[in-house]
Amino acid sequence: MRFLVIWFIAGCIGVLAGHQIVLMLLHNAGIAPFAPFPMQPVEPLGVPQLVSLTFWGGIWGILLGAITPWFGRGPKYWVLVAIFGAILPTLVAVVVVFPMKGIAPGGDPINGLITGLAVNAAWGLVTAAARKALR
């Protein structure tokens, strides 16, 4: 149970200190069309979007924690954490979440891809660092 809680908390930290900070940088650079730390309510519960993102970051954190034992140590570990973060959550967002929520592709697809990969890679790295700090 401790494993689940620690990785969940680390994933939440990854959203707030990694995902959203990189989103802020990309938004300020004119690459990401949406602002960080969104507080508008989202369905089905009407909670602020940031709360929803943070919760799902925690769930993804548990999944990341389940597979990191196969990542080895040292630089390889950090590269694989970043790759996992960049690819899997981005792919699930594009293939599952966006269609489920009726979000149509829009804007510049290159900027969208850069944003998705960058914010989610940052999430993975910060999640793994937070997990190490929470030992």
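Just checking, which of Gly72, Gly107, Gly58, Gly46 is of a type outside the set (Asp, Glu) and either under 11 Å from the mean Cα position of the chain (by Cα) or modelled with pLDDT of 95 or more (or both)? Step through it out loud before you land on a result.
Details: Gly72 fails: either under 11 Å from the mean Cα position of the chain (by Cα) or modelled with pLDDT of 95 or more (or both); Gly107 fails: either under 11 Å from the mean Cα position of the chain (by Cα) or modelled with pLDDT of 95 or more (or both); Gly46 fails: either under 11 Å from the mean Cα position of the chain (by Cα) or modelled with pLDDT of 95 or more (or both).
Unique residue meeting the criteria: Gly58.
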**Study point:** The listed residue being loosely packed, with under 14 Cβ neighbours inside 10 Å, over 29 Å from Phe3 (Cα atoms) and touching a Gly at 6+ places or on another chain (Cβ under 8 Å), out of Pro41, Pro33
**Key:** Pro33
Study note, to complete from the structure: Among helices (runs of 4 or more DSSP H) completely within the range 44-135, the ones holding 2 or more residues that are out of contact with any His (no Cβ under 8 Å at 6 or more places or on another chain), surrounded by fewer than 17 Cβ atoms within 10 Å (Cβ to Cβ) and in contact (Cβ under 8 Å) with a residue 12 or more places away in the chain are 49-67, 75-92, 109-133
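The values are calculated or read from the model by the stated rules, or taken from the named source; none is laboratory data. Just so we're clear, the structure is a prediction, and the values are computed from it rather than from any experiment. Glycine gets a Cβ as well: all are built from the backbone with ideal geometry, and neighbour counts include every protein chain shown.
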